[in-house]
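*Asks:* To start, I am sharing the structure in question, which I have written as structure tokens.
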Amino acid sequence: MIYRQRLVKLADATAAFDDLVRTQKEAEDDQQKIANVAIAEAPIEPHLTSKPNVMLNLALGVSSAGFLSLGAAFAAEYFRDSVEQPRELEGFTGLPVRAISYDD
């Protein structure tokens with residue numbers, strides 16, 4: 001009876017020991033993974049300072065502004081809903097314009 005109790009106690013202790021060994025091994029593996037991290041390349045300072053290219057920025061700005069203003073002018077002309085010239089009225093209606101009235 002005493003041997004059986006010792007055997008059960010020893011089995012319990014072995015299971016607990018195995019759990020501790022497994023936990024220790026996992027911790028060592030994690031530690032080794034962390035230790036394997038290395039810097040690929042050391043940082044270096046650039047030799048030339050970076051500064052904006054003023055002429056390129058100015059040329060791009062002027063050309064962008066030109067295209068944007070031309071696009072806005074064409075859009076305003078295309079979407080207007082008024083008739084300003086007699087020939088426009090003739091073009092819309094297909095009839096000749098006989099008289100024009102200018103109201104101030």
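*Asks:* Could you derive backbone 3J(HN,Hα) for the range 23-30 from the dihedral phi with the Karplus parameters 6.51, -1.76 and 1.60 (θ = phi - 60°), listing whole Hz in sequence and x where the residue is Gly or Pro?
*Replies:* 5, 5, 5, 4, 5, 5, 4, 4
*Asks:* Let me ask you something else. Go through 83-90, 7-14 and give me the packing order, highest mean Cβ count within 10 Å leading. Display every interim value, and only then the final one.
*Replies:* Numbers: 83-90: 11.6, 7-14: 10.0.
For the peptides 83-90, 7-14, the packing ranking is 83-90, 7-14.
*Asks:* Explain nothing, just the number: dipole magnitude of the chain about its Cα centre with +1 on each Lys and Arg Cβ and -1 on each Asp and Glu Cβ, in debye rounded to the nearest 20.
*Replies:* Values: 10 positive and 16 negative charges, 154 e Å.
Dipole about the Cα centre, nearest 20: 740 debye.
*Asks:* On to the next question. If you take the beta carbon distance between Glu90 and Val62 as r and set R0 to 41 Å, what does 1/(1 + (r/R0)^6) give as a FRET efficiency, to the nearest 0.05?
*Replies:* On the way: r = 40 Å, r/R0 = 0.97.
With a Förster radius of 41 Å, E is 0.55.
*Asks:* Related question: Taking percent of Cα pairs over 25 Å apart straight from the coordinates, which label in (i) 50; (ii) 73; (iii) 29 is the correct one?
*Replies:* It is the value labelled (ii).
*Asks:* Now for a separate question. Give me a comma-separated list of calculated 3J(HN,Hα) values for the range 3-10, in order, Karplus coefficients 6.51, -1.76, 1.60 applied at θ = phi - 60°, integers in Hz, x for any Gly or Pro.
*Replies:* 5, 5, 5, 5, 5, 4, 5, 5
No lab work stands behind these numbers, since they all come straight from the coordinates. Note that the structure is predicted; figures quoted are calculated from it, not measured. For neighbour counting, all protein chains shown are included, and Cβ atoms are generated from backbone atoms with ideal geometry for every residue, glycine included.
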